[in-house]
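**Student:** I'd like to ask some things about the structure below.
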Amino acid sequence: MMNKKIHETVLLNESINSLKIKKNGIYFDGTFGCGGHSKEILKKLGKHGKLYAIDRDPQSIEIGKKISDPRFYIIHGNFSNIDILLKKYNLKNKIDGMILDLGISSLQIMSKKRGFSFYLDGPLDMRMNPNDKISAFKWINSSNTKDIYYVLKNFGEERFAKKIAHKISIIKKKKLISTTKELSQIIESIVPRKNKHPATKSFQAIRIFINKELDELNIFLKKSLNFLNHKGKISIISFHSLEDRIVKRFINKYNKIPNIPVGLPISENQIKKMYNIKFKNIHRIFPSLKEIKKNIKSRSAILRTATFKSQNIKK
Ligand SMILES: C[S@@+](CC[C@H](N)C(=O)[O-])C[C@H]1O[C@@H](n2cnc3c(N)ncnc32)[C@H](O)[C@@H]1O
């Protein structure tokens with residue numbers, strides 16, 4: 001199958017199992033990519049099931065359009081706009097399972113012209129949606145040292161952020177930085193080579209910033225509560241600590257009950273309602289050693305999954 005060659009889906013079985021797919025259920029894949037998760041969901045759905053998939057990359061939408069299946073809808077846009085993109089389908093409180101597999105697909109990273117990779121020399125771009133206004137080229141060449149430092153430090157946790165930002169600023173006074181190779185060489189001249197490529201953190205930081213990835217995730221998570229059905233599942237795969245922290249805090253926010261004195265004349269359900277408990281069956285799952293051996297990119301993946309408990313259901 002096409003997607004098998006292009007993109008090796010991470011934690012595929014674990015994430016699909018966590019959705020506990022109901023034959024006639026309604027599902028949502030917010031990061032269609034090359035369709036690895038979507039195709040697996042479709043295999044498990046019955047005749048009356050439905051799958052709505054989104055991606056911000058028009059190339060992924062082209063792949064999605066090739067799936068000819070009356071149960072499947074492919075929609076172009078950002079998952080943070082889920083409310084607008086799904087409006088006409090009337091899916092509030094109806095979705096039985098939502099999945100996000102964050103980050104970029106191999107289709108994106110392996111394409112020179114998309115400018116995501118420090119291994120391939122191409123134009124400095126990094127937009128998941130090439131129609132977005134600001135590319136990495138535009139941003140890096142129009143930002144001051146302080147702003148570049150901020151991005152490298154906060155979105156890449158790069159120890160050498162200050163030195164890199166300073167050097168970028170000096171170099172671009174003479175010549176615009178226009179390719180992934182030029183940027184990577186600047187970083188390599190500062191960051192010592194260890195296990196990972198020296199430009200890993202800086203490229204990650206710039207990509208997260210250009211695509212507003214953390215904002216996207218925060219907005220989506222808040223909106224997801226309006227779409228999940230009672231007992232609906234939410235499963236999110238993230239690839240770095242910044243994303244994972246957001247998912248963890250979101251689930252915890254709706255799961256923590258403060259210590260309550262024993263013997264209060266109040267039931268556990270009443271307490272849960274009072275404290276806005278929305279999630280149960282919370283799990284954190286890592287790739288197996290076997291998967292990491294087969295696909296080294298999976299080594300940083302974390303799947304967090306939880307079951308939504310609607311407060312409108314009386315027990
Ligand atoms: C890791 S890939 C998903 C791969 C997919 N699960 C598969 O198995 O083929 C991530 C995809 O999510 C898309 N994406 C990332 N952030 C997005 C957002 N905020 N809204 C919509 N799509 C997004 C990217 O364009 C990319 O295609």
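Since every read-out is calculated from the coordinates, none of them should be taken as a lab result. For clarity, every value in this text was computed on a predicted model and none was experimentally measured. Positions of Cβ are backbone-derived with ideal geometry, glycine not excepted, and every protein chain shown enters the neighbour counts.
**Student:** For each of HIS240, HIS48, count neighbouring Cβ atoms within 10 Å of the residue's Cβ, then give the residues from fewest to most.
**Tutor:** Ranked by crowding around the Cβ, least crowded first: HIS48, HIS240.
**Student:** Shifting gears a bit: Order these by the 10 Å Cβ neighbour count, fewest first: PHE239, PHE203, PHE250.
**Tutor:** Final ranking by Cβ density, sparse to dense: PHE239, PHE250, PHE203.
**Student:** Output the 0 to 90 degree angle, nearest 10, between the alpha-carbon long axis of helix 145-156 and the longest principal axis computed from the alpha carbons of the chain.
**Tutor:** 40
**Student:** Something else now. Could you pull out the pairs from LYS43/LYS309; LYS175/LYS223; LYS146/LYS196 whose alpha carbons sit more than 32 Å apart here?
**Tutor:** The answer is LYS175/LYS223.
**Student:** Ranking MET128, MET110 by Cβ neighbours within 10 Å, fewest first, what do you get?
**Tutor:** MET110, MET128
**Student:** Taking loop as defined by DSSP and a crowding limit of 15 other beta carbons within 10 Å, which GluC sites (Glu not before Pro) in the stretch 232-305 fit?
**Tutor:** none
**Student:** If you line up the Cα atoms of the stretch 197-258 on their principal axes, what length do they span on each, largest first, in Å?
**Tutor:** That gives 45, 25, 16 Å along the principal axes, largest extent first.
**Student:** Hey, in the GNM for the chain with a 10 angstrom Cα cutoff, which one of ASN195, ASN17, ASN144 fluctuates hardest?
**Tutor:** ASN195
**Student:** Roughly how many debye, to the nearest 20, is the charge dipole of the stretch 133-210 about its Cα centre, given +1 on each Lys and Arg Cβ, -1 on each Asp and Glu Cβ, and no other charges?
**Tutor:** In debye, rounded to 20, the stretch 133-210 gives about 140.
**Student:** When the dipole is taken about the Cα centre of the chain, and only Lys, Arg (+1) and Asp, Glu (-1) are charged at their Cβ, what size is it in debye, to the nearest 20?
**Tutor:** I would put it at about 500 debye.
**Student:** What relative contact order, as a whole-number percentage, does the chain give when Cα pairs under 8 Å and 6 or more residues apart are counted?
**Tutor:** 18
**Student:** Which one, ILE134, SER184, PHE209, is farthest towards the positive end of the dipole of the stretch 133-210 when Lys and Arg carry +1 and Asp and Glu -1 on their Cβ?
**Tutor:** Looking along the dipole axis, the top candidate is SER184.
**Student:** What is the Cα centroid distance between the stretch 188-222 and the stretch 92-150, reported in whole angstrom?
**Tutor:** Computed from Cα coordinates, the inter-centre distance equals 9 Å.
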